[in-house]
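To keep things clear, I will list the structure first and then write my remarks on it.
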Amino acid sequence: MSVSSGAISADSAADVWAVGFLATSSTTSLNVSLHWNGASWSQNTVSHFRFGGVGPVSALSPSDVWAVGAGPGVPTGGFSAHPTAVIEHWDGTSWSVVPSPNPNPQGNNGLGAVAAASASDVWATGHQLQGPFTEHWNGKNWSIVATPGGVSFFAGMAASASGTVLAVGKGTDNSAIILSN
């Protein structure tokens, strides 16, 4: 067995999270999260992401961790089951899917970055057929927020202890971009 990590986040030396795939054989893998508590690693299955869609993780505390990616879609209107954006939350005991909007109802939505500034200020960015999109958690629900013009792709995000969230990516003119909340 081998673990391929998709992302890592730590809010202290005793609270480190890694999300990735655990290859159980040459044809089978599970989405897993690994948690370091300062003394040892433990493993939990994150079952709602699809293979290749394991995404970033952002830890606020041992009982407040967010992970994003792409999950299996639902066939609609004659379209096949394209991926949908998936957001999962660790509450200290288990991972659960948190409902989030998908900007393209036919699918092909996926989240590729997440940054948590506080329990009521979490940001995620992703991509869908019409381009990039941004979502925000206000402590109660996720909503789509306007993505600034000129952005073609988001590559990553980070949040500081002061609440500043930065997103980096590529502009429509192929220039590097850095956005701040």
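The values are calculated or read from the model by the stated rules, or taken from the named source; none is laboratory data. Fair warning: this is a prediction, and the values are worked out from it, not measured in the lab. A quick note on method: Cβ atoms are made from the backbone with ideal geometry, for glycine too, and the neighbour counts reach across all protein chains shown.
Restricting to region 133-156, give me the number of residues that are closer than 20 Å to residue 84 by Cα and part of a strand (DSSP E or B). So the answer is 14. Residues of region 96-110 include none that is surrounded by 17 or more Cβ atoms within 10 Å (Cβ to Cβ), at pLDDT below 85 and within 16 Å of residue 9 (Cβ to Cβ).
If only residues of region 142-181 that are closer than 18 Å to residue 124 by Cβ and hydroxyl-bearing (Ser, Thr, Tyr) are counted, the one that is surrounded by the fewest Cβ atoms within 10 Å (Cβ to Cβ) is 180. Residue pairs whose Cβ atoms lie under 6 Å apart, sitting 6 or more positions apart in sequence or on different chains, and linking a residue in region 108-132 that is assigned to a loop (DSSP other than H, G, I, E, B) to a partner that is among the hydrophobic types (A, V, I, L, M, F, W, C) and surrounded by 22 or more Cβ atoms within 10 Å (Cβ to Cβ), are 109/85.
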